[in-house]
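Everything below concerns the one structure shown next.
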Amino acid sequence: MTGTTKTDASVRVSRRRVLQGATFAAGAAAVGLLARPTSYAIAGNATKLRLSWTEFAACHSPVAFALANGIYAKHDLDVELFYQGSSGQTLVQSIATGKTDAGAGLLYDWIKPLEQGLEVKLFVGSHGGCTRLLASKASGVTTLEGLKGKTIVSYDVASPPKHSFQVALAKAGLDPERDVNWLNVPFDLVGESVNRGDADALAHLDPWAFAHKKKFDLVEVANTQTGFFDGAVCCVLGVNSAFLEANRDAIRRLAEANIEIHEYAAAHPDEIAKWFVENLNPGFPVEDIHEQVSSWVLHNHPVGKELQDQVKWAADDLALIKVLDPTTNSAELAARVTVDILA
(Lines give C-alpha, C1' and ligand atoms only; values in the text may rest on other atoms or scores of the structure.)
Protein backbone atom coordinates (compact mmCIF):
# COMPACT_ATOMS: atom_id res chain seq x y z
CA MET A 1 0.00 0.00 0.00
CA THR A 2 1.38 3.37 -0.97
CA GLY A 3 2.69 5.32 1.97
CA THR A 4 2.97 2.38 4.34
CA THR A 5 6.26 2.31 6.21
CA LYS A 6 7.71 -0.79 7.77
CA THR A 7 8.86 -0.63 11.37
CA ASP A 8 11.30 -2.95 13.08
CA ALA A 9 11.38 -4.78 16.38
CA SER A 10 12.93 -1.80 18.12
CA VAL A 11 9.59 0.08 18.11
CA ARG A 12 8.77 1.58 21.50
CA VAL A 13 7.16 -0.78 23.99
CA SER A 14 6.22 -0.18 27.59
CA ARG A 15 4.65 -1.87 30.63
CA ARG A 16 1.65 -2.67 30.51
CA ARG A 17 -11.86 -8.91 25.11
CA VAL A 18 -14.96 -12.58 25.89
CA LEU A 19 -16.86 -10.63 23.24
CA GLN A 20 -20.56 -11.23 22.94
CA GLY A 21 -23.25 -9.52 20.94
CA ALA A 22 -25.33 -9.54 17.84
CA THR A 23 -23.57 -10.52 14.63
CA PHE A 24 -24.05 -7.87 12.01
CA ALA A 25 -25.82 -9.08 8.90
CA ALA A 26 -23.29 -7.37 6.70
CA GLY A 27 -20.47 -8.78 8.79
CA ALA A 28 -21.03 -12.35 7.69
CA ALA A 29 -20.89 -11.27 4.07
CA ALA A 30 -17.74 -9.30 4.79
CA VAL A 31 -15.99 -12.37 6.16
CA GLY A 32 -16.73 -14.24 2.96
CA LEU A 33 -15.33 -11.36 0.96
CA LEU A 34 -12.18 -11.10 3.04
CA ALA A 35 -11.63 -14.84 2.99
CA ARG A 36 -11.31 -14.84 -0.80
CA PRO A 37 -7.85 -14.28 -2.32
CA THR A 38 -6.84 -10.64 -2.48
CA SER A 39 -6.20 -8.90 -5.76
CA TYR A 40 -2.58 -8.35 -4.78
CA ALA A 41 0.09 -10.53 -6.31
CA ILE A 42 1.83 -12.77 -3.79
CA ALA A 43 5.54 -13.26 -4.33
CA GLY A 44 7.02 -16.73 -4.47
CA ASN A 45 5.41 -19.59 -2.56
CA ALA A 46 3.47 -17.56 -0.03
CA THR A 47 2.63 -19.32 3.22
CA LYS A 48 -1.09 -19.94 3.67
CA LEU A 49 -2.19 -18.84 7.11
CA ARG A 50 -5.66 -19.06 8.70
CA LEU A 51 -6.12 -16.14 11.08
CA SER A 52 -8.85 -15.94 13.74
CA TRP A 53 -10.28 -12.50 14.45
CA THR A 54 -13.38 -10.74 15.76
CA GLU A 55 -14.94 -8.89 12.85
CA PHE A 56 -17.16 -6.49 14.80
CA ALA A 57 -14.43 -5.37 17.23
CA ALA A 58 -13.21 -1.99 16.03
CA CYS A 59 -9.72 -2.68 17.39
CA HIS A 60 -9.43 -5.65 15.02
CA SER A 61 -10.13 -3.44 12.00
CA PRO A 62 -6.40 -3.03 11.18
CA VAL A 63 -6.24 -6.82 10.66
CA ALA A 64 -8.87 -6.78 7.92
CA PHE A 65 -7.55 -3.50 6.50
CA ALA A 66 -4.13 -5.13 6.14
CA LEU A 67 -5.59 -8.03 4.17
CA ALA A 68 -7.68 -5.84 1.90
CA ASN A 69 -4.73 -3.56 1.16
CA GLY A 70 -2.10 -6.20 0.45
CA ILE A 71 0.08 -5.78 3.53
CA TYR A 72 0.14 -9.47 4.38
CA ALA A 73 0.85 -10.30 0.76
CA LYS A 74 3.80 -7.92 0.86
CA HIS A 75 5.18 -10.10 3.66
CA ASP A 76 4.70 -13.20 1.51
CA LEU A 77 1.66 -14.42 3.45
CA ASP A 78 -1.57 -15.75 1.96
CA VAL A 79 -3.89 -14.87 4.86
CA GLU A 80 -7.48 -16.05 5.23
CA LEU A 81 -9.61 -14.55 8.00
CA PHE A 82 -11.94 -16.68 10.10
CA TYR A 83 -14.56 -15.29 12.45
CA GLN A 84 -14.82 -17.74 15.35
CA GLY A 85 -17.87 -16.32 17.11
CA SER A 86 -18.35 -13.64 19.71
CA SER A 87 -16.55 -15.37 22.59
CA GLY A 88 -12.86 -14.75 23.13
CA GLN A 89 -12.55 -18.23 24.57
CA THR A 90 -13.92 -19.73 21.34
CA LEU A 91 -11.31 -17.80 19.38
CA VAL A 92 -8.53 -19.04 21.66
CA GLN A 93 -9.71 -22.64 21.36
CA SER A 94 -9.94 -22.42 17.56
CA ILE A 95 -6.18 -21.84 17.46
CA ALA A 96 -5.31 -24.44 20.08
CA THR A 97 -7.28 -27.13 18.24
CA GLY A 98 -5.85 -26.30 14.81
CA LYS A 99 -9.07 -24.96 13.28
CA THR A 100 -7.01 -21.87 12.56
CA ASP A 101 -3.27 -21.28 12.72
CA ALA A 102 -3.01 -17.98 14.58
CA GLY A 103 -5.20 -15.15 15.78
CA ALA A 104 -5.67 -11.95 17.75
CA GLY A 105 -7.30 -11.93 21.17
CA LEU A 106 -7.38 -10.06 24.47
CA LEU A 107 -4.46 -10.92 26.72
CA TYR A 108 -6.73 -11.65 29.69
CA ASP A 109 -8.59 -14.19 27.53
CA TRP A 110 -5.35 -16.07 26.84
CA ILE A 111 -3.87 -16.37 30.33
CA LYS A 112 -6.10 -18.93 32.07
CA PRO A 113 -6.16 -21.40 29.13
CA LEU A 114 -2.39 -21.02 28.77
CA GLU A 115 -1.94 -21.73 32.47
CA GLN A 116 -3.91 -24.95 31.92
CA GLY A 117 -1.63 -26.13 29.12
CA LEU A 118 -3.08 -24.67 25.93
CA GLU A 119 -0.78 -25.53 22.99
CA VAL A 120 -0.37 -21.95 21.83
CA LYS A 121 2.48 -19.43 21.94
CA LEU A 122 2.02 -15.66 22.18
CA PHE A 123 4.39 -13.74 19.92
CA VAL A 124 3.44 -10.06 19.43
CA GLY A 125 1.16 -7.41 20.90
CA SER A 126 -1.06 -5.02 18.95
CA HIS A 127 -2.41 -2.13 21.01
CA GLY A 128 -3.77 -0.91 24.32
CA GLY A 129 -6.74 1.08 25.60
CA CYS A 130 -9.85 -0.47 24.00
CA THR A 131 -11.69 -1.28 27.28
CA ARG A 132 -13.44 1.37 29.37
CA LEU A 133 -15.07 1.83 32.79
CA LEU A 134 -17.85 4.43 32.55
CA ALA A 135 -20.16 5.86 35.22
CA SER A 136 -23.40 7.81 35.06
CA LYS A 137 -23.26 11.46 36.09
CA ALA A 138 -26.10 10.75 38.52
CA SER A 139 -23.85 8.33 40.42
CA GLY A 140 -21.35 11.08 41.19
CA VAL A 141 -18.51 8.61 40.52
CA THR A 142 -15.35 10.04 39.01
CA THR A 143 -12.66 7.76 40.54
CA LEU A 144 -12.13 4.07 41.16
CA GLU A 145 -12.36 4.67 44.90
CA GLY A 146 -15.72 6.35 44.38
CA LEU A 147 -17.18 3.04 43.18
CA LYS A 148 -17.28 1.63 46.71
CA GLY A 149 -20.84 0.48 47.40
CA LYS A 150 -21.85 1.02 43.77
CA THR A 151 -23.12 -1.41 41.11
CA ILE A 152 -21.12 -2.10 37.95
CA VAL A 153 -22.69 -3.88 34.99
CA SER A 154 -20.92 -6.10 32.47
CA TYR A 155 -22.01 -8.70 29.93
CA ASP A 156 -20.49 -11.85 31.42
CA VAL A 157 -19.48 -13.13 34.80
CA ALA A 158 -15.92 -13.57 33.51
CA SER A 159 -15.66 -10.90 30.81
CA PRO A 160 -12.24 -9.33 30.18
CA PRO A 161 -13.65 -5.85 30.95
CA LYS A 162 -14.89 -7.10 34.32
CA HIS A 163 -11.54 -8.73 35.08
CA SER A 164 -9.65 -5.61 33.98
CA PHE A 165 -11.48 -3.31 36.34
CA GLN A 166 -11.59 -5.83 39.17
CA VAL A 167 -7.80 -5.61 38.97
CA ALA A 168 -7.91 -1.81 38.91
CA LEU A 169 -10.28 -1.73 41.90
CA ALA A 170 -8.06 -4.13 43.87
CA LYS A 171 -4.99 -1.98 43.18
CA ALA A 172 -6.97 1.08 44.27
CA GLY A 173 -7.51 -0.55 47.65
CA LEU A 174 -11.03 -1.93 47.21
CA ASP A 175 -12.22 -5.52 47.44
CA PRO A 176 -13.46 -6.05 43.86
CA GLU A 177 -16.13 -8.50 44.99
CA ARG A 178 -17.28 -7.20 48.38
CA ASP A 179 -16.90 -3.45 47.97
CA VAL A 180 -18.84 -3.26 44.69
CA ASN A 181 -21.82 -5.12 43.27
CA TRP A 182 -21.55 -6.74 39.86
CA LEU A 183 -24.55 -7.06 37.58
CA ASN A 184 -24.46 -9.34 34.53
CA VAL A 185 -26.86 -8.62 31.66
CA PRO A 186 -27.07 -9.48 27.94
CA PHE A 187 -24.48 -7.73 25.80
CA ASP A 188 -26.89 -5.27 24.20
CA LEU A 189 -28.40 -4.18 27.54
CA VAL A 190 -25.21 -3.00 29.25
CA GLY A 191 -25.64 0.67 28.39
CA GLU A 192 -29.39 0.67 29.03
CA SER A 193 -28.81 -0.77 32.50
CA VAL A 194 -26.84 2.32 33.49
CA ASN A 195 -29.26 4.65 31.70
CA ARG A 196 -32.23 3.16 33.60
CA GLY A 197 -30.42 3.44 36.93
CA ASP A 198 -30.09 -0.33 37.44
CA ALA A 199 -26.32 0.16 37.67
CA ASP A 200 -24.04 3.08 38.45
CA ALA A 201 -21.27 2.17 36.02
CA LEU A 202 -20.39 -0.21 33.21
CA ALA A 203 -17.31 -2.12 32.10
CA HIS A 204 -17.25 -2.65 28.35
CA LEU A 205 -15.22 -2.82 25.14
CA ASP A 206 -15.00 -0.49 22.18
CA PRO A 207 -16.81 0.26 19.98
CA TRP A 208 -19.76 -0.27 22.35
CA ALA A 209 -18.16 1.38 25.39
CA PHE A 210 -17.40 4.50 23.38
CA ALA A 211 -20.91 4.52 21.91
CA HIS A 212 -22.50 4.22 25.37
CA LYS A 213 -20.30 7.04 26.64
CA LYS A 214 -21.65 9.39 23.98
CA LYS A 215 -25.26 8.17 23.90
CA PHE A 216 -25.81 8.25 27.67
CA ASP A 217 -23.38 11.08 28.52
CA LEU A 218 -21.26 8.91 30.80
CA VAL A 219 -18.10 9.80 32.71
CA GLU A 220 -14.95 7.83 31.81
CA VAL A 221 -13.53 6.69 35.15
CA ALA A 222 -10.73 4.56 33.69
CA ASN A 223 -9.61 2.62 30.64
CA THR A 224 -6.94 0.05 30.00
CA GLN A 225 -4.29 2.71 29.45
CA THR A 226 -4.93 4.87 32.52
CA GLY A 227 -3.57 4.56 36.04
CA PHE A 228 -2.44 1.03 36.82
CA PHE A 229 -2.77 0.06 33.15
CA ASP A 230 -0.41 2.70 31.82
CA GLY A 231 1.59 0.97 29.10
CA ALA A 232 -0.45 -2.25 29.19
CA VAL A 233 -1.09 -4.19 26.00
CA CYS A 234 -4.71 -5.28 25.47
CA CYS A 235 -4.64 -7.48 22.41
CA VAL A 236 -1.94 -9.99 21.45
CA LEU A 237 -1.42 -12.57 18.72
CA GLY A 238 -1.05 -16.26 19.44
CA VAL A 239 -0.07 -19.16 17.19
CA ASN A 240 -0.74 -22.89 17.33
CA SER A 241 2.45 -24.49 18.69
CA ALA A 242 2.68 -27.15 15.98
CA PHE A 243 2.14 -24.58 13.24
CA LEU A 244 4.84 -22.40 14.77
CA GLU A 245 7.33 -25.25 14.79
CA ALA A 246 6.73 -25.93 11.09
CA ASN A 247 6.40 -22.29 9.97
CA ARG A 248 8.52 -20.14 12.26
CA ASP A 249 9.66 -17.80 9.50
CA ALA A 250 6.06 -17.21 8.41
CA ILE A 251 5.08 -16.26 11.96
CA ARG A 252 8.06 -13.90 12.08
CA ARG A 253 6.70 -12.26 8.94
CA LEU A 254 3.21 -12.14 10.48
CA ALA A 255 4.63 -10.35 13.52
CA GLU A 256 6.38 -7.82 11.29
CA ALA A 257 3.17 -7.28 9.31
CA ASN A 258 1.22 -6.81 12.54
CA ILE A 259 3.65 -4.17 13.77
CA GLU A 260 3.59 -2.44 10.39
CA ILE A 261 -0.19 -2.20 10.15
CA HIS A 262 -0.62 -0.91 13.70
CA GLU A 263 2.04 1.72 13.12
CA TYR A 264 0.16 2.67 9.95
CA ALA A 265 -3.14 2.80 11.88
CA ALA A 266 -1.54 5.11 14.45
CA ALA A 267 -0.53 7.51 11.68
CA HIS A 268 -3.74 7.13 9.63
CA PRO A 269 -6.71 6.53 11.98
CA ASP A 270 -8.99 8.23 9.45
CA GLU A 271 -8.28 5.56 6.82
CA ILE A 272 -8.79 2.68 9.23
CA ALA A 273 -12.07 4.13 10.54
CA LYS A 274 -13.42 4.83 7.05
CA TRP A 275 -12.53 1.33 5.84
CA PHE A 276 -14.12 -0.31 8.90
CA VAL A 277 -17.39 1.59 8.56
CA GLU A 278 -17.65 1.17 4.78
CA ASN A 279 -16.73 -2.52 4.66
CA LEU A 280 -17.95 -4.06 7.92
CA ASN A 281 -20.98 -1.86 8.62
CA PRO A 282 -20.57 -1.72 12.41
CA GLY A 283 -23.55 0.60 12.90
CA PHE A 284 -21.50 3.49 14.29
CA PRO A 285 -20.63 6.83 12.65
CA VAL A 286 -17.21 7.03 11.05
CA GLU A 287 -16.43 10.05 13.26
CA ASP A 288 -16.88 7.93 16.38
CA ILE A 289 -14.73 5.08 15.08
CA HIS A 290 -12.05 7.60 14.06
CA GLU A 291 -12.04 9.05 17.57
CA GLN A 292 -11.74 5.57 19.08
CA VAL A 293 -8.87 4.49 16.85
CA SER A 294 -7.09 7.75 17.66
CA SER A 295 -7.52 7.12 21.39
CA TRP A 296 -5.86 3.69 21.46
CA VAL A 297 -2.14 3.20 22.02
CA LEU A 298 -1.29 1.66 18.66
CA HIS A 299 2.48 1.85 19.19
CA ASN A 300 2.25 -0.75 21.96
CA HIS A 301 3.14 -4.06 20.28
CA PRO A 302 5.69 -5.81 22.50
CA VAL A 303 7.77 -8.75 21.36
CA GLY A 304 10.37 -10.91 23.07
CA LYS A 305 11.26 -9.97 26.64
CA GLU A 306 8.80 -7.06 26.65
CA LEU A 307 5.93 -9.39 25.74
CA GLN A 308 7.08 -11.91 28.34
CA ASP A 309 7.01 -9.16 30.97
CA GLN A 310 3.48 -8.16 29.97
CA VAL A 311 2.26 -11.76 30.20
CA LYS A 312 3.81 -12.03 33.66
CA TRP A 313 2.09 -8.84 34.80
CA ALA A 314 -1.24 -10.03 33.38
CA ALA A 315 -0.86 -13.35 35.19
CA ASP A 316 -0.08 -11.52 38.44
CA ASP A 317 -3.17 -9.37 37.91
CA LEU A 318 -5.42 -12.38 37.41
CA ALA A 319 -3.93 -14.09 40.45
CA LEU A 320 -4.74 -10.95 42.45
CA ILE A 321 -8.45 -11.39 41.68
CA LYS A 322 -8.26 -15.19 42.09
CA VAL A 323 -8.76 -16.10 38.43
CA LEU A 324 -5.41 -17.93 38.35
CA ASP A 325 -4.22 -20.57 40.78
CA PRO A 326 -2.31 -18.64 43.48
CA THR A 327 0.51 -21.20 43.32
CA THR A 328 1.18 -20.46 39.63
CA ASN A 329 4.65 -19.04 39.05
CA SER A 330 3.88 -16.12 36.75
CA ALA A 331 7.46 -15.72 35.53
CA GLU A 332 7.71 -19.40 34.56
CA LEU A 333 4.28 -19.23 32.91
CA ALA A 334 5.24 -16.17 30.87
CA ALA A 335 8.51 -17.79 29.74
CA ARG A 336 6.69 -20.98 28.75
CA VAL A 337 3.86 -19.43 26.71
CA THR A 338 5.76 -16.75 24.76
CA VAL A 339 8.20 -16.98 21.90
CA ASP A 340 10.75 -14.34 20.90
CA ILE A 341 9.80 -14.46 17.24
CA LEU A 342 12.03 -11.59 16.08
CA ALA A 343 15.18 -12.85 17.82
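The values are calculated or read from the model by the stated rules, or taken from the named source; none is laboratory data. This is a predicted model, so every value here is computed, not measured. Cβ: placed from backbone, ideal geometry, glycine included. Neighbour counts: every protein chain shown. The protein model used for the area step is the full one, side chains on, heavy atoms only, and it has no ligands, DNA or RNA in it. Shrake-Rupley method; radii C 1.70, N 1.55, O 1.52, S 1.80 Å.
Placing +1 on each Lys and Arg Cβ and -1 on each Asp and Glu Cβ, with no other charges, gives the chain a dipole about its Cα centre of roughly 140 debye. Loop-resident trypsin sites (Lys or Arg not before Pro) (DSSP state other than H, G, I, E or B) in the range 67-165 with no more than 11 further Cβ atoms inside 10 Å of their Cβ are absent. Pairs of lysine residues in the range 120-182 that meet both criteria, 8 or more places apart or on different chains and Cα atoms under 22 Å apart, total 8. Of the residues Ile261, Cys235, Leu189, the one whose Cα sits farthest toward the positive end of the charge dipole of the range 177-262, with +1 on the Cβ of Lys and Arg and -1 on the Cβ of Asp and Glu, is Ile261. Taken per residue, the accessible surface of the range 92-183 reaches 32 Å², heavy atoms only and a 1.4 Å probe. Full extension of the segment from Asp217 to Asp316, taken as 0.36 nm per residue of separation minus the current Cα-Cα distance, would add 32.2 nm.
Rounded to the nearest 0.05, what FRET efficiency is calculated for Arg196 and Gln116 with R0 set to 35 Å and r the Cβ-Cβ distance? That gives a FRET efficiency of 0.35. Taking R0 as 22 Å, what FRET efficiency do you get between Thr328 and Ala246 from their Cβ-Cβ distance, rounded to the nearest 0.05? It comes to 0.15.
Pairwise Cα distances in the range 60-193 exceed 26 Å for 38 percent of all pairs.
The phi torsions of the range 279-295, fed into the Karplus equation with coefficients 6.51, -1.76 and 1.60 and a -60° offset, translate into couplings of 9, 10, 6, x, x, 10, x, 4, 4, 5, 5, 4, 5, 5, 4, 5, 7 Hz, rounded to whole numbers, with Gly and Pro shown as x.
Size estimate for the range 110-152 follows the Kirkwood approach: the inverse of mean 1/r over distinct Cα pairs works out to 14.1 Å. Segment Lys274..Lys137, full-extension length gain: 46.2 nm, with 0.36 nm per residue of separation and the alpha-carbon distance subtracted.
Note on Lys171 and Glu291: their simple-model spin labels are 2.6 nm apart, each label 7 Å out from Cα toward Cβ.
Taking a straight Cα-Cα cut-off under 23 Å and skipping sequence neighbours fewer than 8 places away in the same chain, the lysines within cross-link reach of Lys74 are Lys6, Lys48, Lys274. Every Cα-Cα pair of the chain was included, and the share exceeding 25 Å stands at 48 percent. With 0.36 nm allotted per residue and the present C-alpha distance subtracted, the Leu342-Ala267 stretch has 24.7 nm of extension available. Rolling a 1.4 angstrom probe over the chain with all protein chains present gives an accessible area of which 50% lies on carbon and sulfur atoms.
Over the range 165-315, the Kirkwood radius and the radius of gyration, each from Cα atoms, give a ratio Rg/Rh of 1.01.
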